[in-house]
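What follows is a set of notes on a single structure, which appears directly below.
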Amino acid sequence: MRTSLHNLEIIEEAFLNNSKEHQVLIEAKSLLEPKLQKDILLQLVTYEAVKTYGRELFKREISEVENELFSQSRFSAFRQKILSYFKS
Amino acid sequence: MKTPNRSALIQGLYLESFPDVAKYIASKGGTLDEAKEIFQEGIVRYYEHIVVKQNPLKSGDKAYLFGICRNLWHSHFQQTIKETALDGSDFSEEPSFTESEQLVTYLKSVGQKCMNLLQSFYYEKLSMTQLATRFGYRSERSATVQKYKCLEKVRNEVKSKSLTYEDFIA
């Protein structure tokens, strides 16, 4: 892998996987590459963005399964049971 | 996008746990829509605890999920009381988009495939073998390199938006 990708890997190991070995490596590299600190922060923001996107897809998937449970005839017993709790 | 294993997990959780949660929320005066909303959020929290953060469960799945939903219902109930007491409105207006949601919308527009690949690894927790199969790479090594290329691409897009970590997580 080229150097920039290798740096991504080191940051990931140090900050996502809490590898002590890679944390020491990051400290040493930071002395030689001052821009590394900014790259670390950007990479952490990227992980948060990916998590937000993953959550968005997961919520969509939950809604699809829920719609099936409340519409398909094979789940009618389940549906009737749930609806019975909300009859006043 | 439906994923077979995950959809089966979701369906299992609904069939096993939603009746208890719905019954509890109904007994507290909640509606079916509120029960559905609470349960959806409960599943997300359950999934992120067990799968994304890979924490082992101390109690059973059912008890853990019920506990999350009961806490969510209490928070929801307290919030509803507070908002009603403030001005009597029902606060039905659409929530505003956060910085993170705006950023994700932008990132999808510039690299949907990379975002899909990255979330499959970091959120769904697919293995490299599964990732290679889903996205058509010949080997785990190719999938690993592609994952880092995507991470670099998305990180560069984040940089172009000049957002800071604090902006994002606030």
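Quick notes on this one:
- Only one of the listed residues (B:S120, B:S100, B:S109) is at pLDDT below 95 and within 11 Å of another protein chain (Cβ to nearest Cβ). That residue is B:S100.
- Here A:S76 does not fit the description of being within 8 Å of another protein chain (Cβ to nearest Cβ) and at pLDDT 95 or above.
- Picking from residues in the range B:19-35 that are assigned to a helix (DSSP H, G or I) and of a type in the set (D, E, K, R), the one that is nearest to A:F70 (Cα to Cα) is B:D33.
The values are calculated or read from the model by the stated rules, or taken from the named source; none is laboratory data. Predicted model only: the values in this text are computed from it and were never measured. Please note: Cβ atoms are built from the backbone with ideal geometry, for glycine as well, and neighbour counts cover all protein chains shown.
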